[in-house]
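**Student:** This is the structure, below, for whatever I ask next.
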Amino acid sequence: MPNYFRDYMTRTGDRMILKMDHYLDIYPRLLGHLQHRDLRFLEIGIYKGGSMPMWQGYFGPGAHLVFADIDPACRDLALPGTHVEIGDQADPAFLRDLVAGHGPFDLILDDGGHKTDQQITSFRHLFPHLRPGGIYVVEDTHTSYWPGFDGGYGKRSFIGYTKWLIDRMHSWYTDEDEIFPFHPLAREIGEIRFFDSIVAITREPHGMPTALSSRNGQVKRSQAMMRARNRRSIF
Ligand SMILES: C[S@@+](CC[C@H](N)C(=O)[O-])C[C@H]1O[C@@H](n2cnc3c(N)ncnc32)[C@H](O)[C@@H]1O
């Protein structure tokens with residue numbers, strides 16, 4: 001089956017691009033439905049600008065493509081039809097400016113500094129500014145295990161934060177208010193996908209999930225069944 005990204009690697013220009021091999025198979029699975037739409041895309045981390053023409057070719061001319069980096073030298077790497085913004089992904093003021101200037105986004109890809117605080121701060125400030133159905137992708141999450149990136153097994157890390165997100169996503173279903181209160185992210189997170197070194201979190205605003213039963217073709221919906229407070233699950 002043809003793979004745009006594998007093909008692209010064989011026809012790069014003088015802008016160096018560095019990716020893990022298996023990302024090239026993950027991208028089409030994760031992002032295929034976003035091709036050739038008028039999407040708004042933000043990538044954090046430019047380096048030599050190698051990914052810019054790759055994304056431009058993949059998403060097509062209708063896409064609004066924004067690239068951000070802390071290094072002012074990256075300003076010169078803007079391609080026609082792209083936007084380059086210079087700032088620190090761990091600076092809330094910069095993130096607010098990105099949203100004000102270019103949001104809301106359909107896809108945000110964090111391939112920036114890969115340190116815990118950078119990744120978490122960017123996510124916390126940008127995730128609410130994804131359009132419904134939009135995807136937040138964090139790349140190279142193996143750095144969560146690397147001391148040089150503030151990581152390490154059991155340490156505070158972005159992967160650790162995603163485990164916290166899994167709990168918040170399920171915070172409807174608890175009566176342990178003291179230690180595990182309801183969190184509004186339960187209304188926002190639709191999906192969390194884990195790949196080796198990539199986490200993708202989809203924003204899907206929604207109300208309390210509904211249980212559905214059907215007998216003799218009669219469909220009934222109930223949220224009462226899902227209210228876990230002071231009762232056992234029916235499942
Ligand atoms: C892995 S490279 C990006 C590679 C690029 N996405 C590609 O695929 O070719 C990481 C980039 O993140 C930038 N960076 C590091 N810390 C940052 C920060 N705090 N805010 C924004 N960008 C940062 C670096 O300057 C570097 O250019």
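**Student:** Give segment 72-109 a look and list any residue that's under 17 Å from Ile17 (Cα atoms), within 11 Å of the ligand (Cβ to nearest atom) and touching a residue at least 24 places away in the same chain (Cβ under 8 Å), or say none.
**Tutor:** Residues satisfying the conditions are Cys74, Leu77, Leu109.
**Student:** Now a separate question. Can you go through Phe127, Phe182, Phe194 and tell me which one is hydrophobic (A, V, I, L, M, F, W, C), assigned to a helix (DSSP H, G or I) and surrounded by 12 or more Cβ atoms within 10 Å (Cβ to Cβ)?
**Tutor:** On the way: Phe182 fails: assigned to a helix (DSSP H, G or I); Phe194 fails: assigned to a helix (DSSP H, G or I).
Selected residue: Phe127, the only one of Phe127, Phe182, Phe194 that is hydrophobic (A, V, I, L, M, F, W, C), assigned to a helix (DSSP H, G or I) and surrounded by 12 or more Cβ atoms within 10 Å (Cβ to Cβ).
**Student:** Just to verify a result, which residue in segment 56-71, among those that are more than 10 Å from the ligand (Cβ to nearest atom) and crowded, with 19+ Cβ neighbours inside 10 Å, is nearest to Gln118 (Cα to Cα)? Give the steps one after another, and end with the answer.
**Tutor:** First, pick out the residues of segment 56-71 that are more than 10 Å from the ligand (Cβ to nearest atom): 56-66.
Keeping just the survivors that are crowded, with 19+ Cβ neighbours inside 10 Å gives 58-59, 63, 65-66.
Details: Tyr58: 27, Phe59: 26, Ala63: 26, Leu65: 21, Val66: 18 Å.
Only one residue fits best here, namely Val66.
**Student:** Separate question: Among Pro53, Pro28, which is within 14 Å of the ligand (Cβ to nearest atom), surrounded by fewer than 20 Cβ atoms within 10 Å (Cβ to Cβ) and outside any loop (DSSP other than H, G, I, E, B)?
**Tutor:** Working: Pro28 fails: within 14 Å of the ligand (Cβ to nearest atom).
Testing whether each residue is within 14 Å of the ligand (Cβ to nearest atom), surrounded by fewer than 20 Cβ atoms within 10 Å (Cβ to Cβ) and outside any loop (DSSP other than H, G, I, E, B) leaves just Pro53.
**Student:** Here's a follow-up. With respect to the numbered conditions (1) touching a residue at least 24 places away in the same chain (Cβ under 8 Å); (2) within 17 Å of Thr12 (Cα to Cα); (3) not charged (D, E, K, R), which one is the sole condition not fulfilled by Trp55?
**Tutor:** Condition not satisfied by Trp55: (1).
**Student:** Can you pull out the residues in segment 37-50 that are assigned to a loop (DSSP other than H, G, I, E, B) and either farther than 27 Å from Ala100 by Cβ or within 14 Å of the ligand (Cβ to nearest atom) (or both)? Don't jump to the end; show me each part of the working.
**Tutor:** Initially, segment 37-50 is screened for residues assigned to a loop (DSSP other than H, G, I, E, B), giving 37-39, 45-50.
Scanning segment 37-50 gives Gly45, Ile46, Tyr47, Lys48, Gly49, Gly50.
**Student:** Might you check whether a residue that is closer than 29 Å to Tyr145 by Cα, at pLDDT below 95 and exposed (fewer than 13 other Cβ atoms within 10 Å of the Cβ) occurs anywhere in segment 169-179? Can you show your working first?
**Tutor:** Of segment 169-179, the ones closer than 29 Å to Tyr145 by Cα are 169-171, 179.
Within this subset, residues satisfying the condition of being at pLDDT below 95 are 170-171, 179.
Narrowing the set further to residues that are exposed (fewer than 13 other Cβ atoms within 10 Å of the Cβ) leaves 179.
Within segment 169-179, one or more residues are closer than 29 Å to Tyr145 by Cα, at pLDDT below 95 and exposed (fewer than 13 other Cβ atoms within 10 Å of the Cβ).
**Student:** Follow-up question, since we're still on this one. Can you work out which of the residues in segment 1-25 that are part of a loop (DSSP other than H, G, I, E, B) and of a type in the set (A, V, I, L, M) is nearest to the ligand (Cβ to nearest atom)?
**Tutor:** This residue is Ile17.
**Student:** Sticking with this structure for a sec: Please specify each residue of segment 72-96 satisfying the condition of being in a helix (DSSP H, G or I) and surrounded by 15 or more Cβ atoms within 10 Å (Cβ to Cβ). Write out each step before concluding.
**Tutor:** Step one: filter segment 72-96 for residues in a helix (DSSP H, G or I), giving 72-77, 92-96.
Answer for segment 72-96, where residues must be in a helix (DSSP H, G or I) and surrounded by 15 or more Cβ atoms within 10 Å (Cβ to Cβ): Cys74, Leu77, Phe94, Leu95.
The values are calculated or read from the model by the stated rules, or taken from the named source; none is laboratory data. This structure is a prediction, so every number in the text was calculated from the model and none was measured. Glycine gets a Cβ as well: all are built from the backbone with ideal geometry, and neighbour counts include every protein chain shown.
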